[in-house]
Amino acid sequence: MRQGYGIENRIRYDFAPALERIHMENIVTSRLRLALLEFGRNLKQGSMEATEHNDRMLSSGHHRLNKAVESLARIRLLATRAPVFQLNVATNGGQQVNVA
């Protein structure tokens, strides 16, 4: 079960800010859960209900992993944009200067 090994290096965990690290940990956890579900599915032969339950769990695991990856991508996109704040400074003559 070395599925998660090396994922941190591929997503550059060591160089990421704290907010990105939280999402990276979520990706690794989701991937490991999905791997366990796939492993368990291959071992179990059961009733139709059990098979359907396993399929729903796998589908949910895929969805969770995709959302975690999309979330990290969204955060990285927002981090690369221009500054998100603007400061208006009033001068002595009543003029306002916008500083970004």
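The values are calculated or read from the model by the stated rules, or taken from the named source; none is laboratory data. This is a predicted model, so every value here is computed, not measured. All Cβ positions, even for glycine, are placed from backbone atoms using ideal geometry, and neighbour counts span all protein chains on display.
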Checklist outcome for this item: Per the filter on the stretch 49-71, residues modelled with pLDDT under 90 and hydrophobic (A, V, I, L, M, F, W, C) are 50
Next on the checklist: Name the residue that is surrounded by the most Cβ atoms within 10 Å (Cβ to Cβ), counting only residues in the stretch 18-48 that are of a type in the set (D, E, K, R), farther than 10 Å from residue 65 by Cβ and modelled with pLDDT of 85 or more.
Outcome noted: 20
Next on the checklist: Please determine whether any residue of the stretch 76-90 is surrounded by fewer than 10 Cβ atoms within 10 Å (Cβ to Cβ), over 14 Å from the mean Cα position of the chain (by Cα), among the polar types (S, T, N, Q) and more than 30 Å from residue 20 (Cβ to Cβ).
Outcome noted: yes
Item to check | Neighbours by Cβ (under 7 Å, 6+ apart or cross-chain): first from the stretch 25-44, farther than 14 Å from residue 62 by Cβ; second surrounded by fewer than 16 Cβ atoms within 10 Å (Cβ to Cβ) | outcome: 28/4; 28/7; 44/50
